[in-house]
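J.: I'd like to ask you about the structure that follows.
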Amino acid sequence: MNKHEYLGIDVGASGIKGGIVDIKKGELITERFRLPTPNPAKPAAVAKVFNELVQHFEWKGKIIGCGFPSIIKKGVAHTAANIDQEWVGTNAEQLLSNATGCPVVVRNDADVAGIAEMKLGIGKDYQQDTVLIVTIGSGLGSALFTNGELVPNTEFGHFYLKGHNRIVEQFASDRVRKNRNLSWKNWALRFNKYLKMVEKLISPDLIILGGGSSKRFEKFEKYLTVEVPVKPAILLNKAGIIGAALHAKSMEKKIKKSFEPADN
Ligand code: BGC
């Protein structure tokens, strides 16, 4: 394993995906490998599948980065919108480190995807601006950057549009499009309402769309009427894995330190 190689894993509501990333080149150097998320997605069951992925890559000892669909503070999950409620209060870093025998660092999935897009994707040219990355999948994830700095754990998929009695990700996510069999147009009209509200609330200079649906941008671009430019992510659905690997690299020194014996 060369020193620029890091394993990134993206835990999602329906799949757990991983790959080895050369963070110097900013690209995956293995095939992306995916296993279905267990149902129910309880911590012990997810940790088992997570370890299967790690074994698949024959990864040993070196730090692993993980994106996780929840508010994450100091490694602990604080919410569970699209995974099992048992995650709330679980120290995901400890659990996954114990399961794999490698140090694992965990952050919100949209935040890590955003980190990748800002460093290696379109965001590169918007370092002095306010940029919002929205990931469209089972939920609506968000990552907010201002002057290149992440404001972690924003949950812009969790507000209510006027007159609605469910949060906006239950109205305009990709899961809703598929479950309700919405045409691209009908889904896009919903998603556009969401973008308009986001534009009103935070006035970003750019919105980048990630997640599975970003690959189909040409199907719905014409229905978006916000003034702010909206662009599909360059890294598409690899952003989560690449961002997790970048996060692992950024935490490596700190983690090593916390394992060193203290000087007395
Ligand atoms: C979660 C977010 C997550 C998003 C995308 C939402 O339901 O609350 O934390 O980023 O889904 O997975």
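The values are calculated or read from the model by the stated rules, or taken from the named source; none is laboratory data. Every value quoted in this text rests on a predicted model; they were computed, and no experiment measured them. Note that each Cβ is placed from the backbone with ideal geometry, even for glycine, and that neighbours are counted across all protein chains shown. Heads up: the accessible areas ignore ligands, DNA and RNA and are worked out on the full protein's heavy atoms, side chains in. Shrake-Rupley method; radii C 1.70, N 1.55, O 1.52, S 1.80 Å.
J.: Separation between the R166 and T225 pseudo-spin-labels, each 7 Å from Cα along Cα→Cβ, expressed in nm?
T.: My value for the distance between the label points is 2.5 nm.
J.: Using helices alone, I'd like the mean residue ellipticity at 222 nm for the chain: each DSSP H run of four-plus residues gives -39500 (n - 2.57), total over residue count, nearest 500.
T.: One gets -10000 deg cm²/dmol as the mean residue ellipticity at 222 nm.
J.: Could you run the Debye sum over the Cα atoms of region 58-130, one equal point scatterer each and no solvent, and tell me log10 of I(q)/I(0) at q = 0.11, 0.17, 0.21 Å⁻¹, two decimals?
T.: Result of the Debye calculation: -0.34, -0.71, -0.90.
J.: If packing is taken as the mean number of other Cβ atoms within 10 Å per residue, what is the order of 157-165, 206-214, highest first?
T.: Put in order of decreasing packing, that is 206-214, 157-165.
J.: Identify, among N153, G121, A172, the residue whose Cα sits farthest towards the positive end of the charge dipole of region 118-172, taking +1 on the Cβ of Lys and Arg and -1 on the Cβ of Asp and Glu, with the dipole about the Cα centre.
T.: With unit charges placed on the Cβ atoms, the residue in question is A172.
J.: What is the helix-to-structure angle for 239-259, meaning the angle in degrees between its Cα long axis and the longest Cα principal axis of the chain, kept from 0 to 90 and rounded to the nearest 10?
T.: Value to nearest ten degrees: 40.
J.: Just to confirm, what accessible area per residue do you get for the chain at 1.4 Å probe, in whole Å²?
T.: 49
J.: What percent of all Cα-Cα pairs in the chain falls into each 5 Å bin, going from 0 up to the bin containing the maximum distance?
T.: Spelled out per bin, shortest first, that is 1, 6, 14, 18, 19, 16, 12, 7, 4, 1, 0, 0, 0, 0.
J.: Given the convex hull of the Cα atoms of region 125-233, what is a quarter of its surface area in nm²?
T.: 6.5
J.: Continuing with this model, one more query. What distance in nm separates the two pseudo spin-label positions at K196 and K3, each 7 Å out from Cα along the beta-carbon direction?
T.: So the two model labels end up 5.4 nm from each other.
J.: Is the C-alpha gyration tensor of region 13-153 telling us rounded, prolate or oblate? Criteria: a/c under 1.5 is rounded; beyond that, a/b larger than b/c is prolate, otherwise oblate.
T.: Oblate, since a/c reaches 1.5 and b/c is not below a/b.
J.: What ranking do 105-113, 142-150 get when scored by the average of other Cβ atoms within 10 Å per residue, highest first?
T.: Packing proxy ranking, top to bottom: 105-113, 142-150.
J.: Still on this structure, I have one more. So, with a 1.4 angstrom probe, what is the percent of accessible area on the chain that is carbon and sulfur?
T.: 48
J.: Next question, about the same structure. Taking square-rooted eigenvalues a ≥ b ≥ c of the alpha carbon gyration tensor, is region 181-245 rounded, prolate or oblate, where a/c under 1.5 means rounded and, failing that, a/b exceeding b/c means prolate?
T.: Since a/c reaches 1.5 but b/c is at least a/b, the shape of region 181-245 is classed as oblate.
J.: Which whole-Hz couplings ³J(HN,Hα) result when phi for each residue of region 197-213 is put into the Karplus expression 6.51 cos²θ - 1.76 cosθ + 1.60, θ = phi - 60°, listed in order with x for Gly and Pro?
T.: 5, 4, 4, 5, 6, 10, 6, x, 8, 7, 10, 10, 9, x, x, x, 5
J.: Could you work out which residue, out of K124, K254, K196, moves most in a Gaussian network model of the chain, that is, has the largest mean-square fluctuation with Cα springs under 10 Å?
T.: Per the Cα network of the chain with a 10 Å cutoff, K254 tops the list.
J.: Output the peptides 180-190, 87-97, 47-57, 238-248 sorted from most to least packed, where packing is the average of other Cβ atoms within 10 Å over each peptide's residues.
T.: 238-248, 87-97, 47-57, 180-190
J.: Oh, and also: Sequence neighbours fewer than 8 away in the same chain don't count; with that in mind, list the aspartates and glutamates whose C-alpha is under 12 Å from K25.
T.: E5
J.: Treating the beta-carbon of each Lys and Arg as +1 and of each Asp and Glu as -1, no other charges, what is the dipole magnitude of the chain about its Cα centre, to the nearest 20 debye?
T.: Here the chain has a charge dipole of around 600 debye.
J.: Hey, another quick one. Treating only the Cβ atoms of Lys and Arg (+1) and Asp and Glu (-1) as charged, compute the dipole magnitude of region 125-233 about its Cα centre; round to the nearest 20 debye.
T.: The dipole magnitude comes to about 840 debye.
J.: Now for a separate question. Helix 43-56 sits at what angle to the longest principal axis of the chain, using alpha carbons and giving 0 to 90 degrees rounded to 10?
T.: The angle comes out near 70 degrees.
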